[in-house]
1. Kindly list, by first and then second residue, each pair from a residue in the stretch 70-84 that is within 10 Å of Asp139 (Cβ to Cβ) to a residue that is at pLDDT below 75, limited to pairs with Cβ atoms under 9 Å and residues at least 6 apart or on different chains.
2. Pairs only if they're at least six apart or on different chains, beta carbon under 6 angstrom, first in the stretch 86-102 and under 22 Å from Ser66 (Cβ atoms), second of a type in the set (Lys, Arg); list them, first residue then second.
3. Hey, could you check the stretch 61-111 for residues that are among the β-branched types (Val, Ile, Thr) and in contact with a Phe, Trp or Tyr (Cβ under 7 Å, 6 or more places away or on another chain) and say which is farthest from Arg28 (Cα to Cα)?
4. Cβ-Cβ distance below 6 Å, separation of 6 or more or different chains: which pairs start in the stretch 103-123 with a residue that is within 16 Å of His89 (Cα to Cα) and end on one that is assigned to a helix (DSSP H, G or I) and among the charged types (D, E, K, R)?
5. Do you know which residues across the stretch 47-69 are closer than 15 Å to Ala138 by Cα and acidic (Asp, Glu)?
6. All but one of (1) modelled with pLDDT under 95; (2) assigned to a loop (DSSP other than H, G, I, E, B); (3) surrounded by fewer than 16 Cβ atoms within 10 Å (Cβ to Cβ) hold for Lys43; which doesn't?
7. Looking for something under 30 Å from Asn156 (Cα atoms), assigned to a helix (DSSP H, G or I) and among the hydrophobic types (A, V, I, L, M, F, W, C) - is there at least one such residue anywhere in the stretch 115-132?
Amino acid sequence: MTKTTTAKSNSPRAHSPGTETAAQILERERDLLIHEWLALVEKQEDLMTIQLSSEDRTGHLPQLFSDVIARLHVNSSTKAPISVAASHHGDLRRKQGYSVAMVVEESRPLQVCLFTTLHKHTKQLDYVRLLPDIVTIADEVDAQLKQQVLRYMAANAVVAVPKVH
């Protein structure tokens, strides 16, 4: 017995009827993702040393999720664009008193929430696209984290430079 596949089913962007893409699921679950991310962050004692309202802690997430979702809609080999939202977030967290290590620690629950959400919806997922989408999500979240840290460090470098008279 031989299994026959069509060229379309081997395409990384093929979409089977009755299934959803990771982007569709993440978009639909955005509010729940934010809630779950906050619950995970609130368990991190070091992050909770910085007193912030829920809105101040999560305000950056809608745009960061939009960036992830937008990235999923383009070719998986596309290089991650610089995220303006991630840059602003790096500035904000520095002003709020976060350390670079805290910025990194805050990013970890983001991937956990994204991948857990996809796992909860495995029956709806288009498996042909799943692995490329997971790679894209991880790359986008890492690119956002890099942008946050670069912006944080650049702002610190500007503050540390003595003024010349």
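1. Partner pairs satisfying both residue conditions: Arg71/Thr78; Arg71/Ala80; Ser76/Pro12; Ser76/Arg13.
2. Ser87/Arg151; Gly90/Arg151; Asp91/Arg151
3. Within the stretch 61-111, the first condition is being among the β-branched types (Val, Ile, Thr), and the residues that meet it are 68-69, 74, 78, 82, 84, 100, 103-104.
Subsequent filtering for residues that are in contact with a Phe, Trp or Tyr (Cβ under 7 Å, 6 or more places away or on another chain) retains 100, 103.
Working: Val100: 31, Val103: 26 Å.
Restricting to residues being among the β-branched types (Val, Ile, Thr) and in contact with a Phe, Trp or Tyr (Cβ under 7 Å, 6 or more places away or on another chain), the top hit is Val100.
4. Pairs found: Val103/Arg93.
5. Within the stretch 47-69, the subset closer than 15 Å to Ala138 by Cα is 64-69.
Matches in the stretch 47-69: Asp67 only.
6. Condition (1) is where Lys43 drops out.
7. no
The values are calculated or read from the model by the stated rules, or taken from the named source; none is laboratory data. What you are looking at is a predicted structure, and each value in this text was computed from that prediction instead of being measured. Because the Cβ atoms are built from the backbone with ideal geometry, glycine has one as well, and the counts that use them run over all protein chains shown.
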